[in-house]
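Rule-based calculations on the coordinates, nothing more; no lab input. Being a predicted model, the structure only gives us computed values, none of them experimental. So basically every Cβ, Gly included, is an ideal-geometry build from the backbone, and we count neighbours across all protein chains shown.
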């Protein structure tokens, strides 16, 4: 009750603080008058009387301050006062405030952006999906090696049946699909999912329904589909009566049973799915065979949803036990096969895994940038705090507590941080789709790599903001609270270059900045060198003048004979066109996601060590493939149309294979056994790269498609651009069959570049931020040096008056700045040696301690530091001694 | 070691004991009726026989707090020499509080007295 009363009093006091202040003034005035009069009556002179009255009273200012604190709402009032004062201070040095806000905005914004990417891509990659924290990716392992194997449907069903620690399992198999829209055929992406998919994810279609349990079973028995929101809007113009209509998918009419909600893109990181079909439709979308009854056919990528409270380790233990039992029960198909769970951010079968190292680097980089920015801001504020020493001293002298000053300074810091945080959030908002822009686009695939600015990211960013406020605000605040009243009031001691304890804090901040920038520069240089190394590496085939595309025959329902006929006819048509030099089909285009066939081989006269299996990868290619790709044949010949089903089996090996299995002798005419079929070697192809520029030379061979598996990839050698060729191809293919369409047409250069996209993103990021860090460090160095110089004008003037020349002064100031730089470089070099090992996985052709990279970083840093120190040094050297000494 | 309170006072004047100022103000107003700030200060010094070092300024925040507690009220009026002055008077709640505090101080000084005599025996 009393407390409420006090609060009310204070509230009214706060509201009427102007009149109360006047009242108090009058009251105190009155008091002092009476006391003085009393003293005079006691016999003092009027001056004595007044002094005595004042002494009796104590500090008028202190009394007013306590009075004020007591009569209002002190917390709010003081805060308000501090805030207003903070803004006034900001306005007084707008340049410095702007610089501080800019530094912090960059630091906080970059962090928030990367947090949002990590949240949106790695941690919670699937918008609208419930319980992502309990969701784990699931993939098969082969002899303990993870990542290359998937799961079979019978295994999946057994998992559902036997596991108790899981809510459910879902199948999600991405596929490219030919979509027939009227007369046109178009490629897009969709997914084969288990019927429980939408229910398990907690995603409710906005129209119609999800799949029903029965739709998992029966060979191609349930041609139903749920379409994506975007597809519904774009292709069907948001038709409200869409349910029940049919859509041709892979040449088969599917009934649209549902429309997914807006913002749901499926469960494949990075790509937006356009539609989903139930597992029973597997054969139609993942040809050529029906796999639902085949335990050996591993095609399922999927997710497990753990029961609440189950740890990943427990889940893995149970799933491993089930896999062990399956190995025992079905040795023929399951020997050596395990199942492994992955956290979503390590998912092996989508873009999460590929982006993980990049985002890791990004995180390290932005944290460094934030630290540098904080160091810089701290430095700037220290300089300002030093300039405000007098103000602080006076405030202390008139009765402000030290705690009060600390609060004031931290409030000022918080104002700066909050403004910067708002700026940073705006920056993160603009940057949230940046990652998708850095990665190469693919036709038929809608990239979605959105950052998520959800409450977790906001909270984390707020935390970062708070920590950085403390980081940069505390040093000046502590320094201010250490002010020694007496000596500070007496005089501003004249500065001396160097030899000054107060400068130690600022100097060490600069050393840290230089060190961090150096680390970033080394990282950027290493990645840039790797990228250049990769780009200068020839893949062994032509990257210019060769285009690659594909035609999905199987999903259009073609059988082997139809494919062969079509391919021959198309090649003939294309060869007859002007501007096209040659064209060839193959099963796998180099540097694509698709995997090569591999087989155990035997070679005449080559003894295999009994414990070693000779597994070699190969590609099935059409006639003229090597010439089209620009891979030279060093001996013998390549395949022609004559190498068909009825002709003797032939193969072309690469140089590494010739060297290893024929020990340098010409293998042409020799024999090679693949899958228990002997074939005659008719040629040797020059070495080339097959999957990535970073791979080492390895044995590889080619077999004719006609004598092995048919392929759907099409390579075209032409000086024309991909857009022109895409039109020509579409036209020519349409003439043969209106239901077929070529997939995306790209140059081989583009194909190769896509494999280095992650490196390029990393280089871009490190380059931009490394440069930024360099700039910030230089600003920091410049600030410290100019401040030191401005504080020691008198000493410099004295030295000049005593005969020190310009070069001497230049040298003196420069040497101090360069000493700081040297310290930073030494620290940075040590840190770099320790840290660059972390990116060794992204390096190509350079060691993590590459002297060139270190040298470049060293030179760049030294030059920036030199410029940053020279400007103040030059100013110092031009000091007018007379002026300096007089002031 | 002897209790600090047992030592002869080093200073001739003693500081206002924490919390006792409120009691003194209330007692003064109760005895003398409405007073302005200076009057209260003089009275306290008189009663203490000028043995109390009252920083007169500290009186004003204390008066404000007492007002906020509702134990005293203030009103602008005219002083003996016809100047505008703020007069403080005790309220009903203030009297109740005064009684409570009087009892409290009684008890404390009783306790202290007992310590005093004990310390005297020991030394």
Exercise. Which value results for Rg/Rh of the stretch A:748-832 when Rg is the Cα radius of gyration and Rh the Kirkwood radius based on the inverse mean 1/r?
Worked result: 1.29
Exercise. In chain A, what % of DSSP beta bridges are antiparallel (nearest 5)?
Worked result: 80
Exercise. Ranking A:735, A:161 by Cβ neighbours within 10 Å, fewest first, what do you get?
Worked result: A:161, A:735
For this session: List A:345, A:117 from most exposed to least, where exposure is judged by having the fewest other Cβ atoms within 10 Å.
Result: A:345, A:117
For this session: Report the full-extension gain for the segment residue A:398 to residue A:69: residue separation times 0.36 nm, less the Cα-Cα distance, to one decimal in nm.
Result: 117.0 nm
Exercise. Relative to the present Cα-Cα distance, how much length would full extension add between residue A:102 and residue A:389 at 0.36 nm per residue of separation?
Worked result: 100.8 nm
For this session: Give me the distance between the Cα centres of the stretch A:741-817 and the stretch A:644-696, rounded to whole Å.
Result: 53
Seminar exercise, completed: Listing A:695, A:35 by rising number of other beta-carbon atoms within 10 angstrom, fewest first, gives A:695, A:35
Problem set entry | Principal-axis tilt of helix A:60-71 within chain A, Cα atoms, nearest 10 degrees | 50
Seminar exercise, completed: Expressed in nanometres to one decimal, the distance between label points 7 Å along Cα→Cβ at residue A:885 and residue A:568 is 10.5
For this session: Between residue A:332 and residue A:560, take the C-beta separation as r, use R0 = 30 Å, and let me know the FRET efficiency to the nearest 0.05.
Result: 0.65
Exercise. In nanometres, what is the gap between the two model label sites at residue A:363 and residue B:113, each 7 Å from Cα along Cα-to-Cβ?
Worked result: 7.3
Problem set entry | Per-residue mean of C-beta atoms belonging to partner chains within 10 Å, peptide B:76-85 | 2
For this session: Could you state the angle between the C-alpha long axis of helix A:502-536 and the longest principal axis of the C-alpha atoms of chain A, as a value from 0 to 90 degrees rounded to the nearest 10?
Result: 20
Seminar exercise, completed: Cα-based Rg/(2.2 N^0.38 Å) for the stretch B:20-122, rounded to two decimals, is 1.24
For this session: Please tell me the relative contact order of chain A in percent, rounded to the nearest whole number, where contacts are Cα pairs under 8 Å and at least six residues apart.
Result: 15
Exercise. Contour minus end-to-end for residue A:93 and residue A:678, with contour as 0.36 nm per residue of separation and end-to-end as the Cα-Cα distance?
Worked result: 202.2 nm
Problem set entry | Rounded FRET efficiency, nearest 0.05, which uses the C-beta distance separating residue A:133 from residue A:234 and R0 of 41 Å | 0.80
Seminar exercise, completed: Rounded to the angstrom and largest first, Cα extents along the principal axes for the protein assembly as shown equal 137, 81, 63
Exercise. Does the stretch A:251-334 come out rounded, prolate or oblate, given a ≥ b ≥ c as the square roots of the eigenvalues of its C-alpha gyration tensor, rounded meaning a/c under 1.5 and, failing that, prolate meaning a/b above b/c?
Worked result: oblate
For this session: Summarise the partner chain shielding of A:26-37 as one whole number: the mean count of Cβ atoms from other chains within 10 Å of each residue's Cβ.
Result: 5
For this session: Using a Förster distance of 56 angstrom, determine the FRET efficiency expected from the C-beta separation of residue A:641 and residue A:433, and round it to 0.05.
Result: 0.70
Problem set entry | Inter-label distance, nm, simple model (7 Å from Cα along the C-beta direction), residue A:311/residue A:142 | 3.3
Exercise. Based solely on its DSSP helices, what 222 nm [θ] is calculated for the protein assembly as shown when runs of n ≥ 4 H residues each add -39,500 (n - 2.57) and the sum is averaged over all residues, nearest 500 deg cm²/dmol?
Worked result: -17500 deg cm²/dmol
For this session: Per residue of A:510-517, count partner chain C-beta atoms within 10 Å of its C-beta, then hand back the mean as an integer.
Result: 0
